[in-house]
Each structure stands twice: as C-alpha cells, then as structure tokens.
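Structure, as structure tokens:
Derivation of every value follows stated rules applied to the coordinates shown; laboratory data play no part. Since the model is a prediction, treat every value here as computed from it, not as a measurement. Reconstructed Cβ throughout: ideal geometry from the backbone, glycine too, with neighbour counts over all protein chains shown.
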C-alpha cells in the first residue's frame, strides 16, 4: 500500500461564542485538512491548527510546509512506515508541531483503516469512553454563572474555568460556582497569568471549593516558579504550555516540578509524540490529560482515540470543536452527558464526502 494522491484544504471556522483567556481573545480558528489516498483507494485525514501562542506557527508557515515539505515527502510512501516518515519530517519541520500532528494523524488514520479497526483499538484500546470538561473563558461573574448553568443543563459534569487576569475575580468565581453547583467537578486554568505568590493566594482562598486540577498558573519560562507552586499546594498542578516536547516532559518530571501533564496533540506534534510523553509521565507517576485547542472534530477525534489508548490518561479536555460553526467532521464521535464515545468504524471514523 502506497500513498498515491495528496491534497489539502483550508477551513476558516468562526466560533459561535468568542472567548477570552489570560493572554488573548479568540473568535475564529483556521484548520488545515490533509487528505492522503492510497493506491488501493483508502483515505486518511489529519488536521493542523496553527496558533502562535501554542504551536508557534502562522497559517502561512503551515501552508508553505504542506506544499514544500509534506507533500514531496509523502508521495509513494508506505504509510505503515509511519515512524520513519515522521522522524524524517521532524528533522525538516522543527518547531512546526501542528503540521507534524496533521501528518501523524493522517498516517495513523490510514493504517488503522487498513487494519479495519478504530484507531484507539489499533493503539491499544484500553477504554471506550472518557468524560470531558467544557471550558468557560474569562467572563464577568454573572456571565460565568450563566454559562455554567447552560453547560450543566446540557449534561456536562466537569467545568474548566479560565483565569489569570484578576486574582480577586477568579477567587470569587470559583467560590460562587461551588455554591451554585455543589455536585459539579471544577478545574481552574491560570493560563500563565499568576506569580507564585498569587497562585498560592488563589489556592488558599479557594481551599473549600474542592478544585480538582490547577493548570499552568505561572509563566512557561519559569520552571522553578511552577515547581514552587507545586511544592507548596495540595492541589494537583498541571503543566500545559510548559510542555511542548518530550524533553520538556522529562525535565519537568525529573525535577518534580509538576503533578500532571496536559498533552495537546497540536502542541506536541501528534499521537506518536504524545505517547512518548505519556510514557515519561507514567514512569514519573504523573497523571495525564488529553487536551486540545480550537480544532475541528477531526482533531478532537484524534485526541479522543489517543486518550482511550492508555490507562494513565484519565482526564480529557476535548471541547475545542463545540463552538466552531460549519465543522464538517461532526460524525466522527458522539458526545452525550459530557462523555465522549468514539466511532466504532475503522480509523478516526466516517469521513465527510466531498470535502476535498
């Protein structure tokens, strides 16, 4: 089986509800869709979502890489040699993590379709569903409570709240959310917005809230600051933006700077790299979350299959597609009462006809 035809498509998707986090406001998302077809008519797809803050890529850089590196290097390759293909591409696409994730995703989609099994089973098939959190951006207290009420009414049982701008407002929101929704799990993402002192104050003043996870409270550049927070608080501290590579995971684990790891496929370069990072985390007794950015359901599906393939990936934050309008990949998985279920068809699930 060889890759005989390669094409790509750019999707410019608008968010139905724009949101704000500590360092930016977001209203749209650009996804590049890679389509690989083999000489025996199998089709696999993957997506790339460039984000300067997360992946370090611009849209123009991703499109240039697809045309000038990805396509020439994939023509007439055997997709079952995906490890070798990805290693060769990694040398040429250093720093292009979502571009690499896109290729990785498409190759694994192809080979699991050839095997006739869903991708999560091809990867190991440890579980067949996982609950996901849904995210509330930085809003006023009233808007936060209103959005939380809507999410809970829709069946979600885990709320992830973004903060890191105004400490006092973050504290007030978490206390009120616990008062209003006593049975809901709450997670908090500081998005690098706090100093160590602010992070400690946040934890102290929300101690009765029962926050499940405290995500990336301090700046990426300060491993020591992140470690200082981890050492001084009882909440599990999770690294997100601080982990972009296997080296980052090893460094933070070796120096005991964190309790948890957020693996976003777009950020780390795909499922293969995600599995390596997961192995480092498991060896260091760190818990793992499968996360996402504002990617269409194709990317979310890959994150879901990744999460289902290993026992120590116990958490998911795979909600990035929910507010994207005109997403063509909505049939790849099912979301019910806050729980994600994969397609049981081959690969990543049923691909839309006529997209490319």
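Annotations
- Candidates 321, 68, 278, ranked by Gaussian network fluctuation over the chain, Cα under 10 Å, top entry: 68
- Listed by Cβ neighbour count within 10 Å, with the fewest neighbours leading, 36, 123 appear as 123, 36.
- Taking every alpha-carbon pair in region 3-116 and binning the separations at 5 Å intervals from zero gives 2, 12, 22, 22, 17, 11, 8, 5, 2, 0 percent.
- The ranking of 33, 71, 258 by Cβ neighbour count inside 10 Å, starting from the fewest, reads 71, 33, 258.
- Sequence of 296, 47 once ranked by neighbouring C-beta atoms within 10 Å, starting from the fewest: 296, 47
- Simple spin-label estimate for residue 9 and residue 53 in nanometres, 7 Å along Cα-Cβ: 2.9
- Computed from the Cβ-Cβ distance with R0 of 41 Å, the FRET efficiency linking residue 68 to residue 219 stands at 0.75.
- Cα long-axis angle, helix 167-180 against the chain (0 to 90 degrees, to the nearest 10): 90
- Extended-chain gain in nm, criterion 0.36 nm per residue less alpha-carbon gap, residue 60 and residue 172: 36.2 nm
- In degrees, nearest ten, helix 297-308 long axis to first principal axis of the chain (Cα): 80
- Nearest-ten-degree value, helix 196-205 long axis tilted from longest Cα axis of the chain: 70
- Across 59, 215, 241, mean-square fluctuation computed from a Gaussian network of the chain (C-alpha pairs under 10 Å connected) peaks at 59.
- Translational diffusion of region 121-342 was estimated from the Stokes-Einstein equation, with Rh taken as the Kirkwood radius over Cα pairs; at 4 °C and 1.567 mPa s the coefficient is 74 µm²/s.
- In terms of overall dimensions, the C-alpha atoms belonging to region 90-203 reach 52, 36, 22 Å along their principal axes, ordered largest to smallest.
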